[in-house]
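For reference, the structure discussed in these notes is given below.
None of the figures in this text is laboratory data; all of them are computed from the coordinates on show. None of the values given here were measured: they were computed from a predicted structure. Heads up, the Cβs are rebuilt from the backbone with ideal geometry, glycines too, and the neighbour counts pull from every protein chain shown.
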Amino acid sequence: MRYGLFGGTFNPVHFGHLRAAEEVWETLKLDRIILIPSANPPHKDMHDMAPARDRLEMVRLAIRRSDHLEVSDVEIVRKGPSYSIETVRHFRRIYPEESSIFFIIGLDAFLEITTWKSYRDIFLLCHFIVLARPGFGQYNLEDFLCKSISPEYTFDAKKSCFFHPELLSIFYTEITQLDISSTDIRSRIKEGRSVRFLLPREVEDYLMEKGLYR
Ligand code: ATP
Ligand code: MG
């Protein structure tokens, strides 16, 4: 089995996230993608952060009718800050050894990976699927990998993948860019403007009912 792990604050989850997950699932032929809302993201300020339980519930509502997207509460149940290395180790433990794990991440976030706890170990435990983000292309990734991770990466253009003799592969994928962000959604809600068609209707109904981001 091929599993994708897609972490984020999902504050709130929107069609940018969901469409990205769907295209990655299709393009890289994954069996399942697990969306993992973080509890206490060490790199985000907590201002404007909806309670973890609500962010989890909104993801649950968003993916309810998909048979290949799932949600996990591991980071929320776990005490302390949400470190990706611990999440990857968790899934490595529960999935059979022969399964492949792919860590899905936007290029903007990937370029900050050297600030993460035990980030080098992550490259030994799972593959990466790096999503293009506006303003960041494949050359930024190549440059970053060779300078900050290891000079031994080589790019296979046919597979759109960086291979390494010891570390697991890094796939680069250009998904349909939907210029939607949670930040923009939160500020629209604060201003009393419409957020219809930026996120699933069930999520909109939930956050309105709960009075989130007002
Ligand atoms: P915020 O505006 O609060 O930072 P966000 O919209 O960037 O929120 P996150 O929860 O921070 O959402 O993102 C989780 C993951 O999804 C990250 O890896 C990010 O790069 C990716 N992502 C976010 N928005 C999009 C989008 N529109 N298209 C593709 N990937 C996205
Ligand atoms: Mg973001």
Can you give the % of DSSP beta bridges in the chain that are antiparallel, to the nearest 5? 20 percent
If I model a spin label as a point 7 Å beyond the Cα along the Cα-Cβ vector, how far apart are those points for Tyr119 and His47 in nm? 2.5 nm
Provide the FRET efficiency to the nearest 0.05 for the Glu191-Val77 pair, computing r from the beta carbons and using R0 = 30 Å. 0.30
Length released on extending from Asp184 to Lys210, taking residue separation times 0.36 nm less the Cα-Cα span: 7.5 nm
Take every Cα pair under 8 Å in the chain that's 6+ residues apart, average their separations, divide by the length, and report that relative contact order as a whole percent. 24 percent
Give me the extension gain from Glu142 to Lys159: residue separation times 0.36 nm, minus the current Cα-Cα distance, reported in nm with one decimal. 4.7 nm
How many angstrom separate the Cα center of the stretch 62-100 from the Cα center of the stretch 141-214? 17 Å
Per the helix-only model, the chain has a calculated mean residue ellipticity at 222 nm (DSSP H runs of ≥4, -39500 (n - 2.57) each, divided over all residues, rounded to the nearest 500) of -10000 deg cm²/dmol
Estimated FRET transfer efficiency (Ile94, Arg65; beta-carbon r; R0 25 Å; 0.05): 0.50
Straight-line reach from Lys158: which lysines have a Cα under 20 Å away, not including same-chain ones fewer than 8 places off? Lys29
